[in-house]
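Here the structure comes first, spelled out in structure tokens, and everything after it is commentary.
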Amino acid sequence: MSVEQQERLLLAQQRRGYSRLCFVPALEQAFAEHRVQRIRRRLPLIAATAVLFQLAYALLDIFAMPLAVSLSVLPLRLLALGAVLLAFVYCRRAATPPRRVAAVYAGAYLCNGVSVAVIVHLCWQQGVAMPYDGLFLILLFGYALLGLSLRAIGLCSWGFCLLFVGLGLGLGEAGDELAYQAMFLFCANLIGTVGAYMQEHGQRGAWLNLRLLDLARQRAEADDARKLRLLAAASHDLRQPLNAMGLYAQHLVEQGGDAQTRRISARLAASVEQLGRLLQSLLDYSRLTLPGGVQARPHAFALRPLLERLLGELAPEAQQQGVALRLECADCGVRSDPLLLERLLRNLLSNALQHAGARQLSLSARVQGGALLLEVSDDGRGLSEAEQALVFEEFRQLDNPGRNVERGLGLGLAIVRQLAAVLEHPLQLHSQPGAGARFVLRLPLAEVPASALAASDGVRRLRGRILLLEDDATGREALAGLLRRWGCDVQACADLAGALAALRREPPQLLISDYRLAESGDGLQAIECLREAAGQMLPALLISADLSPELQERCLPAHVMPLGKPLLPARLRQVLASLLPRSAEQETA
């Protein structure tokens, strides 16, 4: 039965009501199974209470009654005790059908009630004034604790009470006293029956509501899954042409030409990069707002190389705006997700460049109290307390009332807050008007190899053989042309068969593959196949429009570096400089 059908059935049952304590067959069976699950969960405590009850009365019989009388009722006590223990063992078995669980459970209760009713009359026949309070306690136990259906508990309780009265009449006991006892038990059963009816009615209503809530949760999870699939598809389909546009724009910038062409090329490249960042912000925010959309994969890594790369990427924009960048970071390791942390810091740095109005932007890290405090600070206009409460809101830009799209969408700090929550890194904002702003992250320290703490060497001129696997003709042509312009020898292939043939002709020094290929396999599988054909673990770069946590988790053990589309040329160049063999690089003049 689908979720929609179940929901319609439950809502129809709510409208009709259930004053007779009965659902339609499909729901009645599900509710009965739910009740049996509740019985199984409560069974240990219920059984322990029943055993203690019978043992306490057995000891009282021995000390308060003549030995002959106590011995005559002992088999009945043991019978009741055995019924409880057998019911406990049988009902706890996972293979026991739900209907039998309820029947055996009710049978144990009935056996205890019958035993107590017979014990009372057996004592009376031997001249011992046994009170019938024990029978009332059995009733109280059944109506208040057992959790049986009204029909089952009523049948059992009325049954052994009528047996008690019937035995009294059959044994010729005093009429007035028996009538008083019968009236007491009748009233007790009447009150218990009304209470059991109200309890079961409430339980059925609560069960209907819980089922509807559970279906609503399933529907929400299914909607979230559909949204994630939509985001993945949109991410790939939108970023693919945008990636090619950015690479072609970089071609135009590097080709030069007359002043007018250079100016138009620079503006085109800036517009494409801006469009890519806006799209990235929207997709990042959408994914972060979905439960499970982004999951952290923390591990230990060196922090300083990541910070140097970030500042290197932002250096041209900062220089254009007249902002000085400063880095203060000792060689240390932290435990975090480097991809998510990089996105978080990039948003903080970009936000400071675009909105702070600062002359200096600092990125510093210091150890304090067994953790590392990572600080992004500026000497800009600062924020008042009221503004600090607003800056993390979605689509909020305090200094952009005209919604100038060149200054972003107002999602940067909202994404920062969500990423900090995903990474479980406490984030604090300290600021005053005219005194700049400081964003402080607290990261756990971690041990990393000494070789990983070495600083990066800066930008180098590229020299190396690259095998490129990209099934999209436009993207393949754009990326191959840009790599050749940077000085690389590129073999661009549209499929794995062509890539294997190119590899046999001339072994490459670096593999670059798109993740989604037209063939049955993906880019990671293609890289593995090419490495096997080459007989060595070639450095590899995987380009994907959707860097999901699952994909990142697959890349890590495969020693493949993932890069998201649209590609930022500066970032791509830095990554290539780190992946190409050292002997194939030459310093730029």
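The values are calculated or read from the model by the stated rules, or taken from the named source; none is laboratory data. Predicted model only: the values in this text are computed from it and were never measured. Using ideal geometry, Cβ is built from the backbone for each residue, glycine included, and neighbour counts are taken over all protein chains shown. Heavy atoms of the whole protein, side chains included, go into the accessibility calculation; ligands, DNA and RNA do not. Shrake-Rupley method; radii C 1.70, N 1.55, O 1.52, S 1.80 Å.
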Would a scan of region 522-532 turn up a residue that is assigned to a loop (DSSP other than H, G, I, E, B), at pLDDT below 90 and touching a helix residue (DSSP H, G or I) at 6+ places or on another chain (Cβ under 8 Å)?
no
Part of a helix (DSSP H, G or I), out of contact with any Leu (no Cβ under 8 Å at 6 or more places or on another chain), open to solvent by less than 40 Å² (accessible area, probe 1.4 Å) and not small (Gly, Ala, Ser): does that describe Val116?
no
Single residue of region 162-178 satisfying the filter (open to solvent by less than 60 Å² (accessible area, probe 1.4 Å) and part of a helix (DSSP H, G or I)) that is farthest from Val120 (Cα to Cα)
Gly175
Within the group Gln218, Gln199, which residue is open to solvent by 50 Å² or more (accessible area, probe 1.4 Å), assigned to a helix (DSSP H, G or I), at pLDDT below 90 and under 27 Å from Ala12 (Cα atoms)?
Gln218
What tally of residues in region 147-184 results from selecting those that are under 18 Å from Met130 (Cβ atoms) and basic (Lys, Arg)?
0
Subset of region 312-348 [open to solvent by less than 60 Å² (accessible area, probe 1.4 Å), closer than 17 Å to Leu556 by Cβ and in contact with a strand residue (DSSP E or B) (Cβ under 7 Å, 6 or more places away or on another chain)]:
Gly333, Val334, Ser336, Pro338
Identify, please: which residue in region 432-445 is open to solvent by less than 70 Å² (accessible area, probe 1.4 Å) and modelled with pLDDT under 85 and is, among those, nearest to Leu374 (Cα to Cα)?
Gly436
Inside region 478-508, can you point out the residues that are without any contact (Cβ under 8 Å) to a residue 24 or more places away in the chain and either open to solvent by 50 Å² or more (accessible area, probe 1.4 Å) or in contact with a Gly (Cβ under 9 Å, 6 or more places away or on another chain) (or both)?
Arg484, Ala497, Arg505
Determine if region 146-160 includes at least one residue that is of a type in the set (Phe, Trp, Tyr), open to solvent by less than 60 Å² (accessible area, probe 1.4 Å) and under 30 Å from Ser2 (Cβ atoms).
no
Yes/no for Ser72 being open to solvent by 20 Å² or more (accessible area, probe 1.4 Å), closer than 30 Å to Arg211 by Cβ, of a type in the set (S, T, N, Q) and without any contact (Cβ under 8 Å) to a residue 60 or more places away in the chain:
no
